[in-house]
Amino acid sequence: MGTGLPLEGRIAVVTGGSRGLGRAMSERLASAGASVRVIYRDNTDVAEEFVRSLSGPGSHVAIACDLTDPKQVDGLVGDLASGETISILVNNAGRIIRPSEWSATSFGDASATFAEHVVAPMLLIKAVAPAMKAQGYGRIVNIHTTYADKGSSSVLAYTAAKSALATVTSAMARELGSDGITVNGIAPGNIDTEMTRSAGQGVVDWAVSTTPAGRLGYPSEVADALAYLIDNPFITGAVIPLDGGQRFEI
């Protein structure tokens, strides 16, 4: 007997799904009835404990994959393409490799950043799109950053990669729109997560001081935006800025 939850029977994939923004979005999807496939890079114990904590009627699974490793990504892509019918894909995973000064960025750092933020999302979209087309329904949400609008030399590889991801979002929205698939983005500013806090108190204080809302964002607010984009079938190719107005100040 159904629960009446809006995503009951849907399967969702969330990369970087066990921590930070991904954790909040995984929780929201599960509470709406989806079965969540939580993709994580390391720390299996934490990921599996988190999956066990998820609510809702769905069956939830933690899947290890380093999205900077081509072999692991190929394996994940193959599993998703030949396995369950995925209805929702959230491309969220992505670190800021530090030290992040542009002059200290190595070839390896830049390559890993683009692999995680651009190449992996492209390949995962390719993997899930055929099943989404077959069911006439799909929701793809890419997590951008408000800093990609102008770029930032202090996190040059990161903002360059996120800018490229914006192109992926718009191109795939146009490509897949006639198949009942929406492709959108959310561009957070500084959200109160471990990644933001790891930049140091000075960066946090600067972020708050340059944000008209006067605070860091909450992970739950990103999850709210995700739920809105999933619910609305007539929004595609959009990127929602979620930064408390900081983009106007920096």
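The values are calculated or read from the model by the stated rules, or taken from the named source; none is laboratory data. These figures come from a predicted structure and were not determined experimentally. Because the Cβ atoms are built from the backbone with ideal geometry, glycine has one as well, and the counts that use them run over all protein chains shown.
Summary table below
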item: Any hit, segment 143-161, residues being modelled with pLDDT under 95 and acidic (Asp, Glu); result: yes
item: Among (1) within 18 Å of Ala227 (Cβ to Cβ); (2) without any contact (Cβ under 8 Å) to a residue 60 or more places away in the chain - the single one Met25 does not satisfy; result: (2)
item: Residue within segment 201-208 that is in contact (Cβ under 8 Å) with a residue 12 or more places away in the chain and among the aromatic types (Phe, Trp, Tyr) present; result: no
item: Sole residue being assigned to a strand (DSSP E or B), aliphatic (A, V, I, L, M), surrounded by 17 or more Cβ atoms within 10 Å (Cβ to Cβ) and within 16 Å of the chain's Cα centre (by Cα), chosen from Ile125, Ile140; result: Ile140
item: Cβ pairs under 7 Å, 6+ apart, first in segment 175-197 and among the polar types (S, T, N, Q), second assigned to a loop (DSSP other than H, G, I, E, B) and surrounded by 23 or more Cβ atoms within 10 Å (Cβ to Cβ); result: Thr196/Asn190
item: Pair list, Cβ under 7 Å, 6 or more apart: segment 58-69 residue under 30 Å from Thr3 (Cβ atoms) and among the hydrophobic types (A, V, I, L, M, F, W, C), other residue assigned to a loop (DSSP other than H, G, I, E, B) and modelled with pLDDT of 95 or more; result: Ala62/Ser18
item: Helices (runs of 4 or more DSSP H) enclosed by segment 1-100 - at least 3 residues per element that are over 19 Å from the mean Cα position of the chain (by Cα) and more than 25 Å from Leu165 (Cβ to Cβ); result: 44-53
item: Residue selected from segment 143-158 under the condition of a type in the set (S, T, N, Q) and within 15 Å of the chain's Cα centre (by Cα), by the criterion farthest from Gly245 (Cα to Cα); result: Thr145
item: Unmet criterion (only one of (1) touching a residue at least 24 places away in the same chain (Cβ under 8 Å); (2) within 22 Å of Ile181 (Cα to Cα)) for Asp79; result: (1)
item: Test: residue in segment 170-185 that is among the small types (Gly, Ala, Ser), closer than 28 Å to Gly108 by Cα, outside any helix (DSSP H, G or I) and within 16 Å of the chain's Cα centre (by Cα); result: yes
item: Residue that is surrounded by the most Cβ atoms within 10 Å (Cβ to Cβ), among those in segment 101-122 that are assigned to a helix (DSSP H, G or I) and charged (D, E, K, R); result: Glu116
item: Residue in segment 33-53 that is at pLDDT below 95, surrounded by fewer than 22 Cβ atoms within 10 Å (Cβ to Cβ) and of a type in the set (S, T, N, Q) present; result: yes
item: Qualifying residue in segment 172-183 (condition: under 18 Å from Gly217 (Cβ atoms), touching a Ser or Thr at 6+ places or on another chain (Cβ under 7 Å) and of a type in the set (S, T, N, Q)); result: no
item: Hits in segment 143-159 (condition: free of Cβ contacts under 8 Å to residues at least 40 places away in the same chain, among the small types (Gly, Ala, Ser) and in a helix (DSSP H, G or I)); result: Ala148
item: Check on Gly214, in a helix (DSSP H, G or I), of a type outside the set (Phe, Trp, Tyr) and over 19 Å from the mean Cα position of the chain (by Cα); result: no
